[in-house]
Amino acid sequence: MLFALGACRRDMQDQPKYLPLSESAFFADGRSERPPVEGTVARGQLDANVGYQTGRVGRTYLQTTPVALTPDLLARGRERYDIFCSPCHDRAGTGGGMIVLRGFKRPPSFHIDRLRQEPDGYLFVAVSEGFGVMPSYAAQIPVADRWAIVGYVRALQLSQHATLADVPDAARKALEQSAGATP
């Protein structure tokens with residue numbers, strides 16, 4: 001019995017320690033936490049490519065998406081767009097999403113000239129920081145997916161304003177043949 005009582009010490013629970021941001025008499029500056037060593041970067045915090053991370057360099061928006069627009073990237077952009085953007089902007093980007101049917105303010109169509117002429121960085125910043133009543137999606141959508149969404153929005157814009165001249169020659173000939181074959 002005496003042996004069991006000796007095992008009930010609470011050294012680990014009652015050890016001296018400092019809570020985060022508490023005062024300390026041990027260090028000359030009176031703080032318990034130490035400032036980071038100058039020139040170091042915390043894990044996951046290196047923003048070597050500021051334009052990629054923020055959509056702008058200084059106050060200037062990036063003109064084009066800083067990643068290659070591949071079919072896989074556009075497919076990912078469509079998937080993320082359908083999840084995060086279509087409830088407000090609808091799947092075609094016209095601004096007639098479900099929230100409008102519920103009485104909320106209609107967001108602008110991505111197909112208006114003003115948004116078609118904005119640089120890609122502008123769209124990225126709008127998704128990242130929010131715009132008007134639109135909230136920031138930076139916490140929900142990783143940077144790579146935000147750029148994928150921007151690429152997909154550009155594809156949506158192109159799809160709604162494409163002309164026959166935009167179609168590659170081989171595909172245009174196939175379209176013309178199929179159009180001539182049907183009554």
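Within region 70-98, the set of residues being over 12 Å from A155 (Cβ atoms), touching a Cys at 6+ places or on another chain (Cβ under 9 Å) and crowded, with 18+ Cβ neighbours inside 10 Å comprises G95, G97. Within region 109-143, the set of residues being β-branched (V, I, T), surrounded by 15 or more Cβ atoms within 10 Å (Cβ to Cβ) and assigned to a loop (DSSP other than H, G, I, E, B) comprises I141 only. With respect to (1) free of Cβ contacts under 8 Å to residues at least 60 places away in the same chain; (2) over 30 Å from N49 (Cβ atoms); (3) not small (G, A, S), the lone exception for F110 is condition (2).
Of the residues A144, A162, A68, A75, which is free of Cβ contacts under 8 Å to residues at least 60 places away in the same chain and within 26 Å of Q45 (Cβ to Cβ)?
On inspection, the qualifying residue turns out to be A68.
Among the residues of region 144-183, the ones that are of a type in the set (V, I, T) and either modelled with pLDDT under 95 or exposed (fewer than 10 other Cβ atoms within 10 Å of the Cβ) (or both) come to 3 in all.
For region 106-126, which residues satisfy the criterion of being within 12 Å of the chain's Cα centre (by Cα) and closer than 13 Å to R154 by Cβ?
G121, L123, F124
If you check every pair at least six apart or on different chains, which have Cβ atoms under 7 Å apart with a residue in region 30-54 that is of a type in the set (A, V, I, L, M, F, W, C) first and a residue that is part of a strand (DSSP E or B) second? Close Cβ pairs (under 7 Å, with a partner that is part of a strand (DSSP E or B)) amount to V50/V57.
The values are calculated or read from the model by the stated rules, or taken from the named source; none is laboratory data. For clarity, every value in this text was computed on a predicted model and none was experimentally measured. As a convention, Cβ positions derive from the backbone with ideal geometry for all residues, glycine included, and neighbour counts pool all protein chains shown.
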